[in-house]
Amino acid sequence: MVSRAELLLLAVALVARPLAAQLPTAEEAFRQGRYADARAAYERVLAADSLNPRALYRLAILDSWDGKLARSLARFARLRRLAPADVDVMLAQARVLAWAGLTGPSEALYDTILARTPTDAEGIAGRARAVAWGGALDRAEALWREALTAHPDDPELLVGLAQTLFWKGENQLAESYAARARQLAPEDKTAHDLLDLVRAALRPELSSSSDYAHDSDDNAFFFYQATYAASLGPMRANLNAAWRHATDPFRQGDSYGPVGWIVAPVGHGAVLRAGLGLRRLSPDSGEGRLPLTAQLGIGLRPARDVSFSVAYSRTAFDETALLIRRGFLIDGLDFSAELAPTPRVSVSAGGGESWFSDGNRRYGIVGAMMVGVAGGLQIGALGRGLGFHLPNPGHGYFAPDRFTVFEGRGVYTWRRRRWGVRGDGGVGVQQIGTGAPTQTAWHAGMTVSRGWAANSELAFTGAVTNSAASRTGAAAAAGFTYWTLGLRLRQGL
């Protein structure tokens, strides 16, 4: 006669046997790269044993690879309570902290690891990488070089130093270290991609674009420009020539001319941009003009996913045939900032003020936030406001005293091998003028591209909208639409 206790033990054994088999099954699926199957098996292990260290570790890794960094870090926190001294767990947690933008805690954890194992190559590389991602590029460079003194042929250290130098704008030096890393590890994809990127930034490049646009007011223009760029030591020099032919039902006009500018690193993650040009404004009747154009700006990148810029520009206001005839110029001061607090979230903001040669002024502000939700899909929102101060309205151009728009938007990006497709669209409300009724605002666009090298690509673009923002300084009545088609070519030489 079988006792109740024996029956209970038999039932536990029958249940435990398949559960015990789940962990090897999950490990084998992980090893073979079948990550969906591995995740499901690890989850079954945790359902039976919520404190299983191996399942927690693998799921934390899989979560980080899927961009679910908060959930990954929550699993690592549980795991650290179970295995507080496990170096592999500490290294993985420090790496995910850096991915999540928590570079300070990441660096502190790497310091703890190196206090225990000072020669740990992964810990040395991780700490330097966290410092670089935190924006302290000079300190990161010193850490990479110190590590290479002890490990001169470590490809990961060479790649890290090359990446940091590339962020600092020292492309020629970055190329030498990236080439050395690729020589030591020819199958390493990171070294391969970085070397291609650095060499693409160094080699001369020829690019051109052509656009045709038309609106429901029968304003139209064709615009073509070509740019040649080449490295001059640490600087990047650019020479551009552009031509615009604009028409409306009553007139036509041309604007054309050259502009040259340089982009130069000035240390500590800062980049200077400066240039001069000429712009010939040639209407079909009346006197032409040849004003000087200029640009001056500085960009700062205090951290890997944070950037700021401030720029001054003097340009011709040549959007339509009427504006070419009136020969307006714009002096503008603008700022912009971009922040990516997590790999799936990006926030941007900008604003500035412009002074027109007719005595009018324009000021504006814009902000947007996008969140990655699945695959190549991002959704978010944008708000923009423009205000115009028109002391001489009869002598200038027609513009509302205020323009605002708020819209929800989505972007989908798909890439396969050398092909790429990007579609974007949005819908919201706009108000054109103080006290005016609100209107629905919408836009849609698509780009199809084909690349054949790191900096060589052909792209076709198209867009249509009813937003007044598509026409700088113009007011759009109900029924207004604006569409454009464009062709882009970029060729590394």
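The values are calculated or read from the model by the stated rules, or taken from the named source; none is laboratory data. What you see is a predicted model; the values in this text were computed from it and never measured. All Cβ positions, even for glycine, are placed from backbone atoms using ideal geometry, and neighbour counts span all protein chains on display.
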Looking at the stretch 338-346, can you tell me whether even one residue there is small (Gly, Ala, Ser) and at positive phi? no
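Under the condition of being among the acidic types (Asp, Glu) and more than 20 Å from residue 231 (Cβ to Cβ), which residue from the stretch 199-219 is surrounded by the most Cβ atoms within 10 Å (Cβ to Cβ)? Before the answer, list the steps.
Going through the stretch 199-219, the residues among the acidic types (Asp, Glu) turn out to be 205, 211, 215, 217-218.
Then drop every residue that is not more than 20 Å from residue 231 (Cβ to Cβ), which leaves 211, 215, 217-218.
Working: 211: 16, 215: 21, 217: 16, 218: 10.
The residue in question is 215.
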If we keep only residues of the stretch 177-213 that are without any contact (Cβ under 8 Å) to a residue 12 or more places away in the chain and in a helix (DSSP H, G or I), then the residue nearest to the chain's Cα centre (by Cα) is 193
Scan (1) surrounded by fewer than 20 Cβ atoms within 10 Å (Cβ to Cβ); (2) in contact with a Leu (Cβ under 7 Å, 6 or more places away or on another chain) for the single condition residue 56 breaks and write down its number. (1)
Of everything in the stretch 222-236 that's among the aliphatic types (A, V, I, L, M) and modelled with pLDDT under 95, which residue is surrounded by the most Cβ atoms within 10 Å (Cβ to Cβ)? 229
Boolean, residue 271 is in a strand (DSSP E or B) and modelled with pLDDT of 95 or more: no
Given the residues 183, 172, 163, which is the only one that is surrounded by 19 or more Cβ atoms within 10 Å (Cβ to Cβ) and either closer than 26 Å to residue 140 by Cα or not polar (S, T, N, Q) (or both)? 163
Among the residues of the stretch 292-308 satisfying the criterion of being over 17 Å from residue 137 (Cβ atoms) and crowded, with 18+ Cβ neighbours inside 10 Å, which is farthest from the chain's Cα centre (by Cα)? 293
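Please indicate, with yes or no, whether at least one residue in the stretch 39-52 is within 30 Å of residue 115 (Cβ to Cβ), at pLDDT 85 or above and not acidic (Asp, Glu).
Checking the stretch 39-52: at least one residue is within 30 Å of residue 115 (Cβ to Cβ), at pLDDT 85 or above and not acidic (Asp, Glu).
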For residue 132, the lone unmet condition from (1) part of a helix (DSSP H, G or I); (2) at pLDDT below 85 is (2)
In the stretch 135-158, which residue that is in a helix (DSSP H, G or I) and touching a residue at least 40 places away in the same chain (Cβ under 8 Å) is nearest to the chain's Cα centre (by Cα)? 137
For the stretch 384-486, give me every one of the strands (runs of 3 or more DSSP E) that falls completely inside it and has 2 or more residues that are more than 23 Å from residue 347 (Cα to Cα) and modelled with pLDDT of 90 or more. 419-432, 438-453, 456-465
Counting only residues that are of a type outside the set (D, E, K, R) and surrounded by fewer than 20 Cβ atoms within 10 Å (Cβ to Cβ), which one in the stretch 186-198 is nearest to residue 132 (Cα to Cα)? 190
Here the qualifying pairs (Cβ atoms under 6 Å; residues six or more apart or on different chains; first in the stretch 395-409 and crowded, with 20+ Cβ neighbours inside 10 Å; second modelled with pLDDT of 70 or more and of a type in the set (Lys, Arg)) come out as 405/384
Quick check on the stretch 109-129. Is at least one of its residues closer than 14 Å to residue 305 by Cα, surrounded by fewer than 23 Cβ atoms within 10 Å (Cβ to Cβ) and not assigned by TED's automatic domain parsing to the domain that holds residue 267? no
Regarding residue 276, is this residue in a strand (DSSP E or B), surrounded by 17 or more Cβ atoms within 10 Å (Cβ to Cβ) and either modelled with pLDDT of 90 or more or in the same structural domain as residue 338 (by TED's automatic domain parsing) (or both)? no
Of all residues in the stretch 159-173, which are within 17 Å of residue 131 (Cβ to Cβ) and either in contact with a Phe, Trp or Tyr (Cβ under 9 Å, 6 or more places away or on another chain) or without any contact (Cβ under 8 Å) to a residue 60 or more places away in the chain (or both)? 159, 160, 161, 162, 163, 164, 165, 166
Residue 489 versus (1) modelled with pLDDT of 90 or more; (2) surrounded by 15 or more Cβ atoms within 10 Å (Cβ to Cβ): which is the lone unmet condition? (2)
Is it the case that residue 345 is assigned by TED's automatic domain parsing to the domain that holds residue 251, under 26 Å from residue 174 (Cβ atoms), surrounded by fewer than 17 Cβ atoms within 10 Å (Cβ to Cβ) and out of contact with any helix residue (DSSP H, G or I) (no Cβ under 7 Å at 6 or more places or on another chain)? no
Residue selected from the stretch 326-376 under the condition polar (S, T, N, Q) and assigned to a strand (DSSP E or B), by the criterion farthest from residue 292 (Cα to Cα): 342
